[in-house]
Amino acid sequence: MSPSFQNNEERAAWELAEFLLQQGRAMMREAEKAMETWRTGKEMNRQRCARRGISASDAEIRWSATATAKNAITNNNFHMGLATMYYGAATANYARALYLRDDDSARL
């Protein structure tokens, strides 16, 4: 729910913050998908190795060396970084909108 706006500049800052928040959420979903890919692959590899008589620790070492595991971790880190950036920018724009509201109220 967005508040009633005092001026167009405040509205623009709030709308930009809302957009950035949505982008941050989208990046978090991508990071979660990447982490789920990593977890699923790790478990599948563990099971595959267990059937061959390979220990869990060796299975984990083998999994972490695969391109799929490395890509999943890289994607997770990348999207988490973007999410952090978007959330920070959204916070700044929410603060700007509130500042503009308070500043406009002080002038009245």
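Determine whether GLU30 is over 30 Å from LEU100 (Cα atoms), under 10 Å from the mean Cα position of the chain (by Cα) and of a type outside the set (Phe, Trp, Tyr). Considered against the rule, which asks whether it is over 30 Å from LEU100 (Cα atoms), under 10 Å from the mean Cα position of the chain (by Cα) and of a type outside the set (Phe, Trp, Tyr), GLU30 comes out as yes. Among the numbered conditions (1) at pLDDT 95 or above; (2) in contact with a Pro (Cβ under 9 Å, 6 or more places away or on another chain); (3) not basic (Lys, Arg), tell me where ALA97 comes up short. Only one criterion in (1) at pLDDT 95 or above; (2) in contact with a Pro (Cβ under 9 Å, 6 or more places away or on another chain); (3) not basic (Lys, Arg) is unmet by ALA97, namely (1). Residue count for segment 48-57 satisfying the condition of being in a helix (DSSP H, G or I) and surrounded by 12 or more Cβ atoms within 10 Å (Cβ to Cβ): 3.
Looking across ASN71, ASN77, ASN45, ASN7, one residue alone is over 19 Å from the mean Cα position of the chain (by Cα) and surrounded by fewer than 17 Cβ atoms within 10 Å (Cβ to Cβ). It is ASN7.
Here is the figure for segment 93-108: residues that are loosely packed, with under 13 Cβ neighbours inside 10 Å and assigned to a helix (DSSP H, G or I) total 6.
The values are calculated or read from the model by the stated rules, or taken from the named source; none is laboratory data. As the structure is a prediction and not an experimental result, all values here were calculated from the model. Cβ atoms come from the backbone with ideal geometry, glycine included; neighbour counts cover every protein chain shown.
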